[in-house]
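One structure below.
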Amino acid sequence: MATPARQVCADGVASELRRLPGGDLGDVLVDVGGLHREISLPPGMARAEHVAEVRATAAARLPPVIADVVCAASEPFVQKVYDLEIDRMAFGRTCLVGDAGFVARPHAAAGTAKAAANAWALAEALDAHDDVPAALAAWEPGQLELGRQLVARTRRLGERSQFTSTWDLRDPDVLFELREEGP
C-alpha cells in the first residue's frame with residue numbers, strides 16, 4: 001500500500017497524500033513547459049513520459065475495455081482528489097452549503113445530493129424559526145454530521161477502490177448515494 005504523507009496547502013489546509021508507485025506526484029504535476037502546478041494539469045499539459053507511463057500501466061493492469069479508453073485519450077489530464085472537513089457551517093446569518101462546507105471524494109457520486117440536502121434542511125430550519133441565526137444554529141449540527149459521514153464513507157470507498165482492491169459491486173456500501181442507508 002502507498003505510504004501516506006501530509007501536505008499543507010497554501011490556504012493552510014492539511015491533506016493526506018499517497019505516494020505514487022513509480023513516481024512522485026510533484027513530478028507528475030510539472031507540465032510540458034516546466035511549470036509546477038498545484039492542483040491539476042489541464043488537457044495537453046502532461047509530459048510525454050507520464051502520458052506513456054499512464055498508457056503502459058493501463059494496458060498492463062486494466063480490463064481491455066477500460067484500457068482502450070485510457071489509451072485513446074489524446075490529451076490526458078491530472079486532477080488531485082481532495083476531501084475536506086470543517087468544524088462550522090453557520091456563521092451568524094451566513095452558512096456554507098454543498099462543497100463549500102465539505103468536499104468529499106467522488107467515489108459516492110453524492111456531491112449534488114449533499115448540496116440539495118443542505119439546502120432542503122436549511123429551508124426547513126428557516127421555516128421553523130423566526131430568527132435566521134437561530135435557524136442556522138438548529139440546522140448546523142445535522143449538516144455537520146451529514147458531511148462527516150459522507151467524507152468518512154468516501155475515504156473508505158477510495159481506500160477500497162484504489163489501495164486495497166476490495167471494491168465489490170455486490171456490496172451495498174459501494175452504491176452511489178448520499179447516505180449509507182439510501183437517499
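Any read-out appearing in this document is the output of simple, stated calculations on the displayed coordinates, not a laboratory observation. In this text, all values refer to a predicted model and were calculated from it rather than measured experimentally. With ideal geometry, Cβ positions are generated from the backbone for all residues, glycine too; neighbour counts draw on all protein chains shown.
Fully extended, how many nm does the chain gain between SER161 and ALA100 (0.36 nm per residue separation, minus their Cα-Cα distance)?
Extra length available between SER161 and ALA100 comes to 19.4 nm.
Rank the residues LEU126, LEU35 as a footprinting-exposure proxy: fewest other Cβ atoms within 10 Å of their Cβ go first.
Listed from fewest to most nearby Cβ atoms, that is LEU35, LEU126.
Using Cβ counts within 10 Å as a stand-in for footprinting exposure, how do ASP87, ASP24 rank, fewest first?
ASP87, ASP24
Suppose every Lys and Arg Cβ carries +1 and every Asp and Glu Cβ carries -1, with no other charges. What dipole size does the range 90-174 come out with about its Cα centre, to the nearest 20 debye?
Working: 9 positive and 11 negative charges, 96 e Å.
Dipole of the range 90-174, to the nearest 20 debye: 460 debye.
Multiplying the sequence separation of GLN79 and THR57 by 0.36 nm and subtracting their Cα-Cα distance, what value in nm do you get?
6.1 nm
Quick check on the exposure proxy: order TRP139, TRP167 from fewest to most C-beta atoms within 10 angstrom.
TRP167, TRP139
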